[in-house]
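**Q** Here it is: the structure, laid out below.
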Amino acid sequence: MTPLSAAWTFVTALAMVVVIGWLDRETGLYLSFALIYLAPIALVTWKGGRLQGFVVAGISSIAGLTSDLASAPASLNGVPFWNACTRLGVFCLVVAVLDGLHRSHEAERRMARTDSLTGAANARHFAEAAGRQIAGARRYGVPLTLAYLDLDNFKAINDTFGHSTGDKLLRCVGEILSHTIRPTDLVARIGGDEFVVLLPHTDAAAAFQAVTRYRLAVLEEMSAHGWAVTVSVGIVELGSDIHTVDEFLGAADSAMYEAKRAGKDMIATRETWTPGPETGIDMPPEEAPALDPSLVAARVDSGDGDGAELRAVDAFSLRMPVEDER
Amino acid sequence: MTRVLVIDDDPGVRLVLQKNLEHAGFEVLIAEDGPRGLGAARLGAPDIIVLDLMMPHVDGFEVLRDLRLHATTSTLPVIVLTALTDPVVKERCRHAGADLVMTKPFEPGALASEITRILDLQPRVVPLG
């Protein structure tokens, strides 16, 4: 709910109260409009929250009172005031109940989207968001990149220090990712120690810069805790060979696997390849363009910084990560 | 600085223990199996050994026995790490000369504090004069 649409809802509700109040006045004392007033009150409570609900409830009560007073004979004494108070009580009760319902509804929706341990998005929410982003990227011809992050050595931490420490570590990683990603990115936990980050409007090269930052932030935190955990990342840009979320995930997963195979603790990117001109079918990895000699695997040493180890991997270009500038 | 020798066949666990102990301020030596562990124990002058029980070929019991047989390592404190919870295993380790048996999983700070505790109990060699 944006502030603008909340303001519009409030204005609409006020207009409704004015119209209902006018009708109430025109139809005289004996026809009750209490239930009708609840429509604008319920509308603002649901859309704009409790405070706006109470304000509109108060205004509705005053509208009801003035229309009652306009047609009430003097002999009724304080009766219109008493009735107005009763209506106000009922209106406020409705606002409170409806607001409670709305809050629990929102909480449930949030819970259905997030992973309870790390607070990142869950696999289902990720699949929905990624599906939308793939369709959008295709339609508008903008790049879309997926990074698949897997924690190296997580099992050994779990075995040695127990699941409570493992959970603490995962929570820590989830928190760091959530705080370091750009506002437009989406981070999700899709398996035990596997996280994905979806980077809209970002090509592989830009994603590499962003993911390097996320990775270094995680490594710094891990070493601050004395946890021997590093991060292997696979980065894949949406290409013509990828049509579904599963294919996208699969490609990023296999790029991540290449990073693992080449020695863990590094980032592997797969350049997009386009269909071959003669066959129209996707070029298999073996026939992918020759590796640019500048694209090589590099181990970024998270600890002492002397373990630079270079390897080139078939069909995947493993880029030299930006040297640790810490 | 206290020098700890870690003998474990699992590279992941080795790394976890190494980082954990280095984080706690120890110097760490690493050996990936029993025979290499014995060599490092004799030549690397560790203050204490952290030993895995379940290793292929030469297991923790054999390493322990060998350590106790050799003069240079016979009094070296040894902490045995194992995932086995059987009290019989614990007893066997103690009998073979382990100073402490720690069952995995344990709290991240537990190993470092046990090392400090055991080393504090050791008799100190005070130079004369």
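**Q** Can you work out the Karplus-derived ³J(HN,Hα) for every residue in the stretch A:100-109? Use 6.51 cos²θ - 1.76 cosθ + 1.60 with θ = phi - 60°, whole Hz, and x for glycine or proline.
**A** Those phi angles translate into x, 4, 5, 4, 5, 4, 5, 4, 5, 5 Hz.
**Q** Something else: Along the Cα→Cβ direction, 7 angstrom out, place labels at A:Ala96 and B:Arg117. What is the inter-label distance in nm?
**A** Computed distance between label sites A:Ala96 and B:Arg117 equals 5.5 nm.
**Q** Rank the residues B:Cys93, A:Cys85 as a footprinting-exposure proxy: fewest other Cβ atoms within 10 Å of their Cβ go first.
**A** A:Cys85, B:Cys93
**Q** Quick check: Cα centre of the stretch A:102-174 to Cα centre of the stretch A:10-47, how many Å?
**A** 45
**Q** Can you list the HN-Hα couplings for the stretch A:12-20, worked out from phi with the Karplus curve (6.51, -1.76, 1.60; θ = phi - 60°), rounded to whole Hz and with x for Gly and Pro?
**A** 4, 5, 4, 4, 4, 4, 4, 5, 5
**Q** Sort B:Leu111, A:Leu101 by Cβ crowding within 10 Å, fewest neighbours at the top. Spell out each step's value before the answer.
**A** Values: B:Leu111 24, A:Leu101 12.
Final ranking by Cβ density, sparse to dense: A:Leu101, B:Leu111.
**Q** Taking a spot 7 Å from the Cα of A:Ala224 along the direction of its beta carbon, which residues of the stretch A:176-214 have an amide N less than 12 Å from it?
**A** Under cut-off, by backbone N: A:176-177.
**Q** List B:Glu114, B:Glu91 from most exposed to least, where exposure is judged by having the fewest other Cβ atoms within 10 Å.
**A** Working: B:Glu114 17, B:Glu91 11.
Least crowded to most crowded, the residues run B:Glu91, B:Glu114.
**Q** What list of ³J(HN,Hα) values in whole Hz, one per residue of the stretch A:162-178 in order, does the Karplus curve 6.51 cos²θ - 1.76 cosθ + 1.60 (θ = phi - 60°) give from phi, with Gly and Pro shown as x?
**A** x, 5, 5, 5, x, 5, 4, 4, 5, 4, 4, 5, x, 5, 4, 4, 4
**Q** Sticking with this structure for a sec: Could you compute the FRET efficiency for B:Phe106 and B:Glu32, with r as their C-beta to C-beta distance and R0 at 22 Å, rounded to 0.05?
**A** Working: r = 22 Å, r/R0 = 0.98.
Computed FRET efficiency for B:Phe106 and B:Glu32 comes out at 0.55.
**Q** A further question follows. Rounded to the nearest 0.05, what FRET efficiency do B:Ala45 and A:Asp203 have when you use their Cβ-Cβ distance and R0 = 51 Å?
**A** Working: r = 54 Å, r/R0 = 1.06.
FRET efficiency, B:Ala45 to A:Asp203: 0.40.
Computed from the coordinates by the stated procedures, all read-outs in this text should not be read as laboratory data. For clarity, every value in this text was computed on a predicted model and none was experimentally measured. Neighbour counts run over all protein chains shown; Cβ positions are idealised from the backbone, glycine included.
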